[in-house]
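In what follows, a structure is listed as structure tokens, so that the remarks can point back to it.
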Amino acid sequence: MADDLGDEWWENQPTGADSSPEASDGEGGGDTEVMQQETVPVPVPSEETKQPKECFLIQPKERKENTTKTRKRRKKKITDVLAKSEPKPGLPEDLQKLMKDYYSSRRSVIELEELNLPDSCFLKANDLTHSLSSYLKEICPKWVKLRKNHSEKKSVLMLIICSSAIRALELIRSMTAFRGDSKVIKLFAKHIKVQEQVKLLEKRVVHLGVGTPGRIKELVKQGGFNLNPLKCLVFDWNWRDQKLRRMMDIPEIRKEVFELLEMGVLSLCKSESLKLGLF
């Protein structure tokens, strides 16, 4: 009888497909769920998802930063602009204008007018076709006679002013054809003390001096250098350094040049005993 009950019990039990409530829809219901998962379209993203505000706001900021950096780099390349510009020879008007600009905030109108130098004070300017020797020969054709008659110590007949000691040495080497047997003295600060230069000027007669305005000014202050016998003062006007700056473009050099001019050069020019040249 136990066997009969067992068989009856197994016959009355639901099949494996119907054994759980989730499977009450039958096998067909299961297939339907699979098909629905395959055919149901992916939800379309909303407009906010397509165009996120955060990305839209971040992009312009990056462009502005890049633009700013590019502008800063361009501002540093000033020499590129100067390199493309055509070189122009210096003229007496250029020196006169620099003097007015320098003294405009320190002197009255009447005092500024007194700084004006007549054209007769200037020698012919370099038109950028000359070497130093050829230019000096043109502005001082009677050089041989002048140096033979010069016998005063602590002075020179011709003074060439430049921006640095290295440039002074270059100028001394490039004027060999002009100077001949003339005695030349280096008037700059590098490796040479003021007292050493004073002793050299006191010992012998010198015809030519090449140096920087700061050291020449110091020698004049200490009484070791006399400007009165000077006949020609030449500025190394058109030469440019590695940064394409001329001598008068450097504020420190420009200041020392004007201070030197006030120490007797301007008065000598007005008395027509001294001429200025722009090489």
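The values are calculated or read from the model by the stated rules, or taken from the named source; none is laboratory data. Just so it is clear, the structure is predicted and the values come from calculations on it, not from any experiment. Glycine also receives a Cβ, built like all others from the backbone with ideal geometry; neighbour counts cover every protein chain displayed. Calculation scope for accessible area: heavy atoms of the full protein, side chains included, ligands and nucleic acids excluded. Shrake-Rupley method; radii C 1.70, N 1.55, O 1.52, S 1.80 Å.
Structure notes:
- Any hit, region 150-164, residues being out of contact with any Gly (no Cβ under 6 Å at 6 or more places or on another chain) and assigned to a helix (DSSP H, G or I): no
- Residue-level check: of (1) without any contact (Cβ under 8 Å) to a residue 40 or more places away in the chain; (2) in a helix (DSSP H, G or I); (3) over 21 Å from residue 258 (Cβ atoms), residue 112 misses just (3).
- Some residue of region 235-251 being over 21 Å from residue 89 (Cα atoms) and either in contact (Cβ under 8 Å) with a residue 60 or more places away in the chain or open to solvent by less than 70 Å² (accessible area, probe 1.4 Å) (or both): no
- Scan of region 155-178 for residues that are open to solvent by less than 60 Å² (accessible area, probe 1.4 Å), over 29 Å from the mean Cα position of the chain (by Cα) and not polar (S, T, N, Q), ordered by number: 156, 157, 158, 175, 178
- Identity of the residue in region 129-148, in a helix (DSSP H, G or I) and of a type in the set (A, V, I, L, M, F, W, C), that ends up surrounded by the fewest Cβ atoms within 10 Å (Cβ to Cβ): 144
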